[in-house]
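No lab work stands behind these numbers, since they all come straight from the coordinates. Note that the structure is a prediction, hence the values are computed from the model and not measured. Here the Cβ positions follow ideal geometry from the backbone for every residue, glycine too, while neighbour counts run over all protein chains shown.
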Amino acid sequence: MADPMKIRANVVGDSTEVKVLMSHEMETGQRKDAAGKTIPAWHIQTVSATWNGKIVLTAQWGPAVSKNPFLSFKFKGGAKGDKVQITWVDNKGDKRTDEAVIG
Amino acid sequence: MDGKRREVLKTGGGLTLLSLIAAAGWLEPGDARAADWNKAAFEAKTVDETVKALGGSAPAQSKDIVFVSTPDIAENGAVVPIGVTSSIPRTESIAILIEKNPSTLAASFDIPAGTDPAITTRVKMGQSSNVYALVKADGKYYVASKEIKVTLGGCGG
């Protein structure tokens, strides 16, 4: 199981700003190891974010997203104390869900 | 469309639906774990191919798509911050395309109503390249581009 994400969600005016830092290798499948063998691709494919169970963002990622991906977005609504949940699934089928309280 | 979907569900259950999607070229068999990952789009090698794989054609240049907090020169190609903001009404999705990467499409975001059409992330760039932001709004496609010079590549090596 991968390391937890760092999620920060803050109310800005009438919106909520969410910043996420995920912990993932994001191997491109282009690199070779010391023995000259190609390192297989290993990257997050889909990301989804929900607020109170409602989807506020979904994304599809390729291996070109940086290692330990960063993502920020904003959605209308959200109040202090509400929960924002982020889930990612990688190409090996591994997944992780983390939650943050809007502050 | 809804009626048809019901029928499919009734006759064959989820398996039939999945194979229908596979037949339509959405995903290849065995890729069911990330069923909503558009494999064809992520394997496309050119901007035109990618736009096509994402369901668009001949996107219009738009000044309403702006790159924010995106550098002109990136010192480290492994971590290039890219922010895209669209002020086109009813923006449904934003995709980031990097022309000279091994696969053009870096990421695509679906923006539901209520979410600001503005996202920021970080991508890898193999070399200096034009970066395109492809926006789908109200069923139409728009594009904006920006050249980013990379001092040290972030792919391969």
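With a cut-off of at most 10 other beta carbons within 10 Å, and DSSP calling the residue loop, which trypsin sites (Lys or Arg not before Pro) in segment A:28-68 qualify? Please list them. Walk me through the intermediate numbers first.
Working: sites: A:Arg31, A:Lys32, A:Lys37, A:Lys54, A:Lys67; in loops: A:Arg31, A:Lys37, A:Lys67.
Passing sites in segment A:28-68 are A:Lys37.
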Which whole-Hz couplings ³J(HN,Hα) result when phi for each residue of segment A:36-44 is put into the Karplus expression 6.51 cos²θ - 1.76 cosθ + 1.60, θ = phi - 60°, listed in order with x for Gly and Pro? x, 8, 5, 7, x, 4, 8, 8, 5
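What is the sum of charges around B:Pro59, taking Lys and Arg as +1, Asp and Glu as -1, for the other residues whose C-beta is under 11 Å from the C-beta of B:Pro59?
Working: positive: B:Lys52, B:Lys136, B:Lys140; negative: B:Asp48.
Neighbour charge sum, excluding B:Pro59 itself: +2.
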Would you please name the GluC sites (Glu not before Pro) within segment A:12-98 that are DSSP coil residues with at most 16 other C-beta atoms within 10 Å of their C-beta? A:Glu25
Any chance you could tell me what percent of the C-alpha pair distances in chain A go past 16 Å? 57 percent
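Mind putting a number on the dipole of chain A about its Cα centre? Charges go on the C-beta only, +1 for Lys and Arg and -1 for Asp and Glu, and I need it in Debye to the nearest 20.
That gives a dipole near 120 debye.
Normalising by the residue count of chain A, find the relative contact order in percent from Cα pairs under 8 Å and 6+ residues apart.
Numbers: 243 pairs, mean separation 33.9, N = 103.
33 percent.
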Output ³J(HN,Hα) for segment B:111-124: one whole-Hz value per residue in order, computed from phi by the Karplus curve 6.51 cos²θ - 1.76 cosθ + 1.60 with θ = phi - 60°, and x for Gly and Pro. 10, x, 4, x, 9, 5, x, 8, 10, 10, 8, 10, 10, 9
Would you mind classifying segment B:39-152 by shape? Square roots of the alpha carbon gyration tensor eigenvalues, ordered a ≥ b ≥ c; an a/c under 1.5 is rounded, otherwise it is prolate if a/b is larger than b/c and oblate if not. oblate
Taking placed amide H atoms and a strict 5 Å upper bound, the residues 5 or more places from B:Ile82 or on another chain that come that close are B:Thr121, B:Arg122, B:Val123
